[in-house]
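Reading through the structure tokens given below for one structure.
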Amino acid sequence: MATLAELVGNSKVAAAFTGAGVSTLCGIPDFRGPQGLYKTPGAERMFDIDVFREEPELFYTGGRELTFGLRKYSPGPVHTALARLEARGRLQGVVTQNIDMLHQKAGSKVVHELHGSPHLSHCVKCGAHKSFEEMCALLEGALVPTCERCGGVYKPDVVFFGEALPEKTWRAAERLAGDCDLMFVLGSSLTVFPAAQIPEHAVNTGARLVIANAQPTVLDRLADLHFPDLADFAAELDACL
């Protein structure tokens, strides 16, 4: 069986697919875990686009901390290990299910955010936009942030239930998965679709597979290596550099 160092050393195009597990190491609560947000009755309504259109205050009451409170978190060991791997020219990009922007904060340059992020927010009426920092400032004085131009409500560029994934990002993630010869699946149980199709596409086109996740995944039997602990994986990946 090949070692992680051998797989990384022999790879010409490596990619990573990350899920909530890499961010729970940083203290960010997940959505679908045993203690996740979605265990609270009715919590999914906070991120339902139809509900947002009718009752934006529901999101800005219950979800603002989960979205705009992300500025208080710092990257964890997986984020920093992947950023260093990219800086050495050994990783060509990250595809993430997370909205927390920690890959970019760690220094990663090529990040495909399948579920969007609050990096920008847009007015639902006129399309005017504000940066994450501008929204944080606006929320200090308003429960529901509204557009000074038309009075519409600002919505973060996070994919809500009922919205399609961003097409351009999806196409870029598919291209990366199809081109790579090594795919890391990190902190994801691969149960959220269609995002979980990305690593499957990589395997189907011939990529070697490394999985680091505490829970089983549907691709475990195809993995060259499996790490049950993400911190152990990050430490071993750092040792490859």
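The values are calculated or read from the model by the stated rules, or taken from the named source; none is laboratory data. Keep in mind that this is a model prediction, so the values were computed, not measured. Please note: Cβ atoms are built from the backbone with ideal geometry, for glycine as well, and neighbour counts cover all protein chains shown.
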Quick check on this structure: which one of VAL185, VAL203, VAL192, VAL144 is crowded, with 19+ Cβ neighbours inside 10 Å and either within 25 Å of GLU54 (Cβ to Cβ) or within 22 Å of the chain's Cα centre (by Cα) (or both)? VAL185
Quick test for you: out of SER121, SER131, pick the one residue that is crowded, with 19+ Cβ neighbours inside 10 Å, outside the structural domain of ILE198 (by TED's automatic domain parsing) and small (Gly, Ala, Ser). SER121
Show me the helices (runs of 4 or more DSSP H) found entirely inside the range 41-89 where at least 3 residues are farther than 30 Å from MET183 by Cβ and in the same structural domain as LEU138 (by TED's automatic domain parsing). 49-54, 56-62, 64-68
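Restricting attention to strands (runs of 3 or more DSSP E) lying wholly within the range 125-241, give those where 3 or more residues are without any contact (Cβ under 8 Å) to a residue 40 or more places away in the chain and closer than 18 Å to GLU113 by Cβ.
Details: elements: 129-131, 154-158, 182-186, 208-212, 225-227.
Qualifying strands (runs of 3 or more DSSP E): 129-131.
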Among the residues of the range 62-79 satisfying the criterion of being of a type in the set (Lys, Arg) and over 16 Å from the mean Cα position of the chain (by Cα), which is farthest from MET101 (Cα to Cα)? ARG64
Every listed condition ((1) surrounded by fewer than 22 Cβ atoms within 10 Å (Cβ to Cβ); (2) touching an Asp or Glu at 6+ places or on another chain (Cβ under 6 Å); (3) aliphatic (A, V, I, L, M)) holds for ALA81 save (1)
Might you let me know whether the range 21-40 holds any residue that is at pLDDT below 90, in a helix (DSSP H, G or I) and touching a Gly at 6+ places or on another chain (Cβ under 9 Å)? yes
Please go through the range 154-183 and pick out each residue that is touching a Lys or Arg at 6+ places or on another chain (Cβ under 8 Å) and closer than 17 Å to SER121 by Cα. TYR154
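Quick one: how many residues across the range 90-124 are assigned to a strand (DSSP E or B) and touching a helix residue (DSSP H, G or I) at 6+ places or on another chain (Cβ under 9 Å)?
In the first step, residues of the range 90-124 are kept if they are assigned to a strand (DSSP E or B); the result is 93-96, 111-113, 116-123.
From the residues that got through so far, the ones that are touching a helix residue (DSSP H, G or I) at 6+ places or on another chain (Cβ under 9 Å) too are 93-96, 111-113, 116-121.
Result for the range 90-124: 13.
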